[in-house]
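A short write-up of the structure that comes next.
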Amino acid sequence: MVLKTVLLGLVVCLVFFASACDKVTVANLTDNPSKYTNKEVGVIGRVVKTYGINVPFSPIRGGVYEVDDGTGSIWVATQSSVPRQGARVGVKGRFQDAGLQFGGKTYGGVGIIESDRKVK
């Protein structure tokens with residue numbers, strides 16, 4: 001049963017990241033940011049912090065969340081609702097070598113502007 005779950009998770013991640021983006025580690029991004037700036041990248045990890053807004057029954061939502069992949073952590077900006085803390089996510093988006101702004105505060109030295117996300 002555990003093996004089936006792991007294999008299913010791997011298949012989902014492979015399909016998700018097979019589409020036109022570099023799957024990288026956070027360490028790759030922070031060690032060589034100029035290589036990835038303004039390029040579509042994908043990171044898989046666990047959500048460790050979230051800051052966002054979600055007004056039910058309205059289009060008002062968005063925020064930032066921090067993803068840790070075991071090699072480091074990176075902030076991700078989203079126009080959707082933020083995932084719950086502790087969730088395992090695969091996130092795809094445009095890499096920035098400058099911090100992300102939300103609510104008048106800057107998060108991180110580098111970040112990802114989310115274009116797609118899968119939550120496990």
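The values are calculated or read from the model by the stated rules, or taken from the named source; none is laboratory data. Being a predicted model, the structure only gives us computed values, none of them experimental. No Cβ is skipped: glycine too gets one built from the backbone with ideal geometry, and neighbour counts run over all protein chains shown.
Collect the residues in the range 99-120 that are of a type outside the set (S, T, N, Q) and under 14 Å from Ser81 (Cα atoms), keeping them in residue-number order.
If we filter the range 99-120 for residues that are of a type outside the set (S, T, N, Q), which is where we start, we get 99-100, 102-105, 107-114, 116-120.
Residues satisfying the conditions are Phe102, Ile113, Glu114, Asp116, Arg117, Lys118, Val119.
Which members of the range 51-101 meet the condition of being among the polar types (S, T, N, Q) and under 10 Å from the mean Cα position of the chain (by Cα)? Give the steps one after another, and end with the answer.
In the first step, residues of the range 51-101 are kept if they are among the polar types (S, T, N, Q); the result is 54, 58, 71, 73, 78-81, 85, 96, 101.
Hits for the range 51-101 are Ser73, Thr78.
Mind listing whichever residues of the range 73-114 are farther than 20 Å from Asn28 by Cα and small (Gly, Ala, Ser)? Give the derivation first.
Quick first cut of the range 73-114, residues farther than 20 Å from Asn28 by Cα only: 78-87, 101-106.
Those that are farther than 20 Å from Asn28 by Cα and small (Gly, Ala, Ser): Ser80, Ser81, Gly86, Ala87, Gly103, Gly104.
Is there a residue being of a type in the set (A, V, I, L, M, F, W, C), modelled with pLDDT of 95 or more and part of a strand (DSSP E or B) anywhere in the range 49-71?
Here is the first cut: in the range 49-71, the residues of a type in the set (A, V, I, L, M, F, W, C) are 53, 55, 57, 60, 64, 67.
Checking which are modelled with pLDDT of 95 or more leaves us with 64, 67.
Filter again for part of a strand (DSSP E or B), leaving 64, 67.
Within the range 49-71, one or more residues are of a type in the set (A, V, I, L, M, F, W, C), modelled with pLDDT of 95 or more and part of a strand (DSSP E or B).
Would you mind finding the one in Gly90, Gly45 that is surrounded by 19 or more Cβ atoms within 10 Å (Cβ to Cβ), in contact with a Ser or Thr (Cβ under 8 Å, 6 or more places away or on another chain) and in contact (Cβ under 8 Å) with a residue 40 or more places away in the chain?
On the way: Gly90 fails: in contact with a Ser or Thr (Cβ under 8 Å, 6 or more places away or on another chain).
Selected residue: Gly45, the only one of Gly90, Gly45 that is surrounded by 19 or more Cβ atoms within 10 Å (Cβ to Cβ), in contact with a Ser or Thr (Cβ under 8 Å, 6 or more places away or on another chain) and in contact (Cβ under 8 Å) with a residue 40 or more places away in the chain.
Report whether or not Lys4 is out of contact with any Ser or Thr (no Cβ under 6 Å at 6 or more places or on another chain) and either at pLDDT below 95 or under 14 Å from Phe95 (Cα atoms) (or both). Explain how you work it out, then say what you get.
Values: out of contact with any Ser or Thr (no Cβ under 6 Å at 6 or more places or on another chain): yes; either at pLDDT below 95 or under 14 Å from Phe95 (Cα atoms) (or both): yes.
Considered against the rule, which asks whether it is out of contact with any Ser or Thr (no Cβ under 6 Å at 6 or more places or on another chain) and either at pLDDT below 95 or under 14 Å from Phe95 (Cα atoms) (or both), Lys4 comes out as yes.
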